[in-house]
4 protein chains.
Amino acid sequence: MTTVLITGFDPFGGEKVNPAFESVKLLPSAIVGARIVKLEVPTAYARSAAVLEEAIERERPDAVICVGQAGGRSALTVERVAINLAEASIPDNDGDQPVDRPLREDGDAAYFASVPVKAMIRGIRDHGLPAFVSYTAGTFVCNAIMYNLLYLIDHRFPGVKGGFIHVPYEPGQVVGKPNGTPSMPLATIAKGLEAAVEAAVKDISDGGAGSG
Amino acid sequence: MTTVLITGFDPFGGEKVNPAFESVKLLPSAIVGARIVKLEVPTAYARSAAVLEEAIERERPDAVICVGQAGGRSALTVERVAINLAEASIPDNDGDQPVDRPLREDGDAAYFASVPVKAMIRGIRDHGLPAFVSYTAGTFVCNAIMYNLLYLIDHRFPGVKGGFIHVPYEPGQVVGKPNGTPSMPLATIAKGLEAAVEAAVKDISDGGAGSG
Amino acid sequence: MTTVLITGFDPFGGEKVNPAFESVKLLPSAIVGARIVKLEVPTAYARSAAVLEEAIERERPDAVICVGQAGGRSALTVERVAINLAEASIPDNDGDQPVDRPLREDGDAAYFASVPVKAMIRGIRDHGLPAFVSYTAGTFVCNAIMYNLLYLIDHRFPGVKGGFIHVPYEPGQVVGKPNGTPSMPLATIAKGLEAAVEAAVKDISDGGAGSG
Amino acid sequence: MTTVLITGFDPFGGEKVNPAFESVKLLPSAIVGARIVKLEVPTAYARSAAVLEEAIERERPDAVICVGQAGGRSALTVERVAINLAEASIPDNDGDQPVDRPLREDGDAAYFASVPVKAMIRGIRDHGLPAFVSYTAGTFVCNAIMYNLLYLIDHRFPGVKGGFIHVPYEPGQVVGKPNGTPSMPLATIAKGLEAAVEAAVKDISDGGAGSG
């Protein structure tokens, strides 16, 4: 049976909610036959990697998709690449605020997502929701967990598919923000995530040829 | 019994749906005790005014709130003012494309909304949705129906409250549009409209002091 | 001899410069034969109107064009209409922060610009710079001076042409602002203003048919 | 004597000019004592890499800074990383439109800029112009030349510093584009580029410690 581990971050930067884990919580426990394991991860460079690694050991998933908030984006964006760099304009939830620090001394400069990015985008659009590829996950904890995931796959968990999806603010977060800040309700985000996971699961069933 | 007439436009400009009337359709038939009358209006300068005038004569509402699509806006925006100008970059649904034409030869340069704009914005925000005041409804049919509504109130229907709310694209409309184009699901828009109507109804019950 | 009075505001809202008067200062003293009178006006509701009225009495201009900063806009925008409303989210430079206050108790709800808005936009574009019409000058002192100008023309100075141009931040202002905030150098703004004034002067020579 | 090679692309995508090479042309022939060699490169995946490699062989520069147009950005952005991926939504100037193609089969997934990114940003800001770091140069020819530059440095030209700067549209390009599209005059862009090159040259004089 196919297992997909889906992580979502807890709130950070003064926000009361994080649409990432809030929308992950709304996912069904099975998607096109695959078992869905949901995991809240802390918005902290070091701990998020540790919590993720433990969960992969425990659950032995076929694919891992991490979800994070990208305030200011209007669509679901599927990340293509994570880079070996930690640089933060605010402290993470453990007070860590790195400047120009590699995530892994022995890691590659970058890793590309191994989930089928384009198929996931098509899947979300087929459900009537906006989705785009993104070529930067930033340098905060979102990029860090994606980089650590792909590093761990490369070093310890060969064959596992890994990827990352950024989601917009939910509407309540933008009530006090500048006019023009986009948002998306949690149920809508969850619908998009489900469509993306469905595409990822089908890719595994089809032999998993398909990144890009 | 208080009656509120709520209009929404039909699709225009090559779009297959118009979130305006689609969200109006989702409103309940009564809001805080007021009867809600829903009316689809054509996106056409002349006909929209005629259809609106007939409906006001027939329904004798206490308040009229017109709803239109503002593609590119991320929040519900409550319009404060309508101006005596028709100017279109595309033809309306009857093929009319005015340049620099007054809407009413005997009308004022502008009319201010008489619904309680700020209370409506507060009402939407209290329901966790973004809302802002807007000082321009453009010069297409949205401004035209708002102007005609307030002109008719001034000339024929004294005491009726009039206003206009602009709503974002719904998600399906932005799937093929540039990355960054915001949207809002119809059910979310409807929730915001209901909160705005509630504030308008309460203002009428309170004596209707409150524009601004 | 044709005389054009051009006003620009002083800094406000914590900014050290205001690109409005800084760019006005760079204009030549004559444009297509018309005498150019430059006037710095305070960013204050009441004083800006008083200073403007005195200057019109003194200079007896054929046209008055007021210039103001529109932070966040990327192009020169020629305003089409000013409304009878003062509402401020920050105090003006005299500490006045009106809420929902008419600018003139005996004024119309709005006045339309009487300078040739479209010809001015074409003129700016012909010089290779972006320009657009705008249908809202907001509700702060920019709208107020435009409204007061057109009110004064209507009540005291018939035949004078009046208008308003909004200009972007200059680059130094956006160094500390969020990524994405547009700007335009003062010399570039001045080049655009000169093109706009040229179109306005030619319109006067041609008999001044042309608003819109 | 220090030599800096600065490249700029030719026009593409239907534009008549490319602000990249047009602004590079305005640079002086020496900056803080360093010799400046200017090179126009074709907006074509394969040929740009070949032309660049020849120029490095011929000029033996201490640093190479490539400059490209980033339509829609409002500031100069100094790129931090280039990725091993070619993917184009339009054909390049030689008709090549790759989908999901690595730039170099034997290259790393990504290379980080070796010019002092932050010092260059500070240098631009100190001259009163907006500048930001960027973590994506996209997947078109801009990313390709940056990737190829850093690959060549890694494989053939050790010790050379390499980087990439994205610049906004120049004003003439945005006259017909949607309202809100930012631009920057060529002379202003050139002033920013000069400040960035100055910081890069000083870093070389100081021993070149400083990426990041």
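Each value in this text was obtained by applying a stated rule to the coordinates, not by laboratory testing. Fair warning: this is a prediction, and the values are worked out from it, not measured in the lab. Cβ atoms come from the backbone with ideal geometry, glycine included; neighbour counts cover every protein chain shown.
Taking beta carbons within 10 Å but only from partner chains, what does the mean come to for residues C:108-115?
What the average comes to for C:108-115 is 4.
Under the definition of partner shielding as Cβ atoms of other protein chains within 10 Å of a residue Cβ, what is the mean value for peptide C:77-87?
4
Based solely on its DSSP helices, what 222 nm [θ] is calculated for the protein assembly as shown when runs of n ≥ 4 H residues each add -39,500 (n - 2.57) and the sum is averaged over all residues, nearest 500 deg cm²/dmol?
Theoretical 222 nm ellipticity from helices: -10500 deg cm²/dmol.
Using modelled amide H (1.01 Å from N, peptide plane; none on Pro or chain starts), what sits under 5 Å from the amide H of C:D92, excluding residues fewer than 5 places away?
C:Q97
Under a Cβ-only charge scheme (Lys and Arg +1, Asp and Glu -1), can you give me the dipole magnitude of the stretch A:1-104 about the Cα centre, in debye to the nearest 20?
Numbers: 11 positive and 15 negative charges, 71 e Å.
Taking the Cα centre of the stretch A:1-104 as origin, the dipole is about 340 debye.
Between A:V99, A:S48, A:V17, whose Cα lies farthest towards the positive end of the dipole of the stretch A:1-112 when Lys and Arg beta carbons carry +1 and Asp and Glu beta carbons carry -1, centred on the Cα centre?
Of the candidates, A:V17 comes out farthest on the positive side.
Which whole number gives the average count of other chain Cβ atoms within 10 Å of the Cβ atoms across peptide B:176-188?
Counting Cβ atoms of other protein chains within 10 Å of each residue's Cβ and averaging gives 6.
Around B:R104, what is the net charge, scoring Lys/Arg as +1 and Asp/Glu as -1 over all other residues with Cβ under 13 Å from its Cβ?
That sum, taken over residues with Cβ under 13 Å, equals -3.
What is the residue of chain B with the smallest Cβ distance to the axis taking B onto D, and what is that distance in whole Å?
B:P178, 5
Given charges of +1 on the Cβ of Lys and Arg and -1 on the Cβ of Asp and Glu, with all other atoms neutral, how large is the dipole of the protein assembly as shown about its Cα centre, in debye to the nearest 20?
0 debye
Output the antiparallel fraction of DSSP beta bridges having both residues in chain C, as a percent to the nearest 5. Mind dumping the intermediate values first?
Values: 8 of 31 bridges.
Of those bridges, close to 25 percent are antiparallel.
What are the nm distances, shortest first, from D:K38 to its equivalents in the other copies, labels at 7 Å along Cα→Cβ?
Distances to the matching label points in the other copies: 3.1, 5.9, 6.3 nm.
With N residues in the stretch C:3-205, what two-decimal value do you get for its Cα radius of gyration over 2.2 N^0.38 Å? Please list the in-between numbers first.
Working: Rg = 15.5 Å, N = 203, 2.2 N^0.38 = 16.6 Å.
The stretch C:3-205 yields a ratio of 0.94.
With 10 angstrom as the radius, rank C:L5, B:L26, C:L103 by how many other C-beta atoms surround their C-beta, starting from the fewest.
Fewest to most other Cβ atoms nearby, the residues stand as B:L26, C:L103, C:L5.
Counting other Cβ atoms within 10 Å of each Cβ, which GluC sites (Glu not before Pro) in the stretch D:44-84 have at most 13 and sit in a DSSP loop?
Nothing satisfies the criteria.
Given label points at 7 Å from Cα along Cα→Cβ, what nm distances, shortest first, separate D:T3 from the same residue in every other copy?
Result for D:T3, in nm, nearest copy first: 6.0, 6.3, 8.6.
Once you charge only the Cβ atoms, +1 for Lys and Arg and -1 for Asp and Glu, what is the size of the charge dipole of the stretch D:3-205 about its Cα centre, to the nearest 20 debye?
With Lys and Arg at +1 and Asp and Glu at -1, about 680 debye.
Please compute the contact order of the stretch D:3-205 in relative form: average sequence separation of alpha-carbon pairs under 8 Å and at least six residues apart, divided by the residue count, as a percent.
Here the relative contact order equals 30 percent.
Going Cα to Cα from D:K118, which lysines come in below 19 Å? Please leave out same-chain ones fewer than 8 positions away.
Within the straight-line cut-off, D:K118 pairs with C:K177, D:K161, D:K191, D:K202.
Which distances, shortest first and in nm, link C:K177 to the matching position in the other copies, using label points set 7 Å out along Cα to C-beta?
1.8, 1.9, 2.4
If one computes the Cα centroid of the stretch A:4-58 and of the stretch D:149-190, what distance in Å separates the two points?
So the two Cα centres are separated by 38 Å.
Mind checking which aspartates and glutamates have their Cα closer than 13 Å to the Cα of B:K25? Skip sequence neighbours fewer than 8 apart in that chain.
List returned: B:D10, B:E40, B:E194.
Which one of B:V67, B:G138, B:I121 is farthest out on the positive end of the charge dipole of the stretch B:3-205, using unit charges on Cβ (Lys, Arg +1; Asp, Glu -1) and the Cα centre as origin?
B:I121
Stokes-Einstein diffusion coefficient for the protein assembly as shown at 20 °C in a medium of 1.002 mPa s, Rh from the Kirkwood formula over Cα pairs: what value in µm²/s?
Reported coefficient: 73 µm²/s.
At q = 0.14, 0.22 Å⁻¹, what log₁₀ I(q)/I(0) does a Debye calculation on the Cα points of the stretch A:94-212 give, no solvent, two decimals?
The Cα Debye sum returns log10 ratios of -0.72, -1.27.
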